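Asker: Starting off with a structure, shown below.
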Amino acid sequence: EEVTTPLASLDDSIVAAGVRSIPGGVQGDDSRYDTMRYLPTWKDTYRTDGQVGPIGALTVNHGFSAFKPKPVPVDDPAVFAAGELTRLLTDRGVAVGGVPGHSNAPGDAASVASVQSPTFRDVVASFIRVSDNLGGEMMTRELGARVANQGTTAAGTQVIADKARDLGIPVEGLTLVDGSGLDRGNRVSCRTLVSAL
């Protein structure tokens with residue numbers, strides 16, 4: 001079973017905090033990562049067949065607005081997330097004005113509510129168990145953001161390779177193009193795999 005963080009629990013926290021109206025509308029901020037939604041070396045079918053949604057730091061429903069009869073990826077994950085939050089808030093009686101949008105939060109923004117994610121251990125276990133390609137990409141960018149202050153795939157894959165080297169894992173011949181393993185350019189030797197195990 002996939003581990004998730006229900007968006008509805010954030011809505012409930014916002015309502016519990018006493019918010020009854022949001023005149024300016026809900027804005028999504030995904031500035032933590034870069035805006036490359038799909039790696040240019042990926043096959044187009046990964047997107048159209050639902051193998052991976054658009055990568056973003058703020059994502060709901062894996063970046064798809066529908067899964068049946070066929071996957072429909074969204075153009076801007078942050079705007080889609082803002083729209084879903086708006087819909088859930090409206091269902092709970094909050095008056096939301098304006099159109100859901102995409103903008104960066106001001107540095108002095110006050111926190112109104114929060115939601116607790118499952119543990120990182122559970123998230124990683126779920127990622128491996130269900131082969132969550134988007135989760136792998138987001139974890140890679142998060143590593144880049146935390147270690148190299150760059151929320152990019154390239155920074156994240158470099159962090160992974162550097163950590164493997166630090167752990168004494170031989171990295172000769174290791175090529176990490178992405179974090180999901182979807183890219184056909186990824187390369188790893190048997191020696192590296194066995195050493196990691």
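Asker: Kindly check whether there is at least one residue in the range 80-90 that is part of a loop (DSSP other than H, G, I, E, B) and open to solvent by less than 60 Å² (accessible area, probe 1.4 Å). Walk me through how you get there before you give the answer.
Answerer: Here is the first cut: in the range 80-90, the residues part of a loop (DSSP other than H, G, I, E, B) are none.
Among the residues of the range 80-90, not one is part of a loop (DSSP other than H, G, I, E, B) and open to solvent by less than 60 Å² (accessible area, probe 1.4 Å), which makes the answer no.
Asker: Can you pull out every residue in the range 54-79 that is charged (D, E, K, R) and open to solvent by 70 Å² or more (accessible area, probe 1.4 Å)? Step through it out loud before you land on a result.
Answerer: First, pick out the residues of the range 54-79 that are charged (D, E, K, R): 68, 70, 75-76.
Residues satisfying the conditions are Lys68, Lys70, Asp75.
Asker: Which ones in the range 91-105 are of a type outside the set (S, T, N, Q), open to solvent by 30 Å² or more (accessible area, probe 1.4 Å), on the phi < 0 side of the Ramachandran plot and in a loop (DSSP other than H, G, I, E, B)?
Answerer: Looking only at the range 91-105, we keep the residues that are of a type outside the set (S, T, N, Q), and these are 91-102, 105.
Narrowing the set further to residues that are open to solvent by 30 Å² or more (accessible area, probe 1.4 Å) leaves 91-93, 95-96, 98-100, 102, 105.
From what is left, the residues that are on the phi < 0 side of the Ramachandran plot are 91-92, 95-96, 99-100, 102, 105.
Scanning the range 91-105 gives Arg92, Val99, Pro100, Ala105.
Asker: Mind checking whether some residue in the range 91-114 is of a type in the set (Lys, Arg) and over 17 Å from Val26 (Cα atoms)? Reasoning before the result, please.
Answerer: So the first thing to find is which residues in the range 91-114 are of a type in the set (Lys, Arg), and the list is 92.
Restricting the remaining residues to those that are over 17 Å from Val26 (Cα atoms) gives none.
No, because not a single residue in the range 91-114 is of a type in the set (Lys, Arg) and over 17 Å from Val26 (Cα atoms).
Asker: Out of Ala95, Ala109, I need the residue that is modelled with pLDDT of 95 or more, more than 25 Å from Ala154 (Cα to Cα) and hydrophobic (A, V, I, L, M, F, W, C). Which one? Don't jump to the end; show me each part of the working.
Answerer: On the way: Ala109 fails: modelled with pLDDT of 95 or more.
Going through Ala95, Ala109 in turn, just one is modelled with pLDDT of 95 or more, more than 25 Å from Ala154 (Cα to Cα) and hydrophobic (A, V, I, L, M, F, W, C): Ala95.
Asker: Quick one: is Ala8 over 21 Å from Gly101 (Cβ atoms) and either open to solvent by 30 Å² or more (accessible area, probe 1.4 Å) or assigned to a loop (DSSP other than H, G, I, E, B) (or both)? Don't jump to the end; show me each part of the working.
Answerer: On the way: over 21 Å from Gly101 (Cβ atoms): yes; either open to solvent by 30 Å² or more (accessible area, probe 1.4 Å) or assigned to a loop (DSSP other than H, G, I, E, B) (or both): yes.
When the stated conditions are applied, Ala8 passes them.
Asker: Please go through the range 39-53 and give me each residue that is closer than 21 Å to Gly144 by Cβ and open to solvent by 30 Å² or more (accessible area, probe 1.4 Å), ordered by number.
Answerer: Pro40, Thr41
The values are calculated or read from the model by the stated rules, or taken from the named source; none is laboratory data. The model shown is predicted, which means the values in this text are computed figures rather than measured ones. Every residue, glycine as well, gets a Cβ built from its backbone with ideal geometry; the counts of neighbours run over all protein chains shown. Side chains included, ligands, DNA and RNA excluded: accessible areas come from the protein's heavy atoms. Shrake-Rupley method; radii C 1.70, N 1.55, O 1.52, S 1.80 Å.
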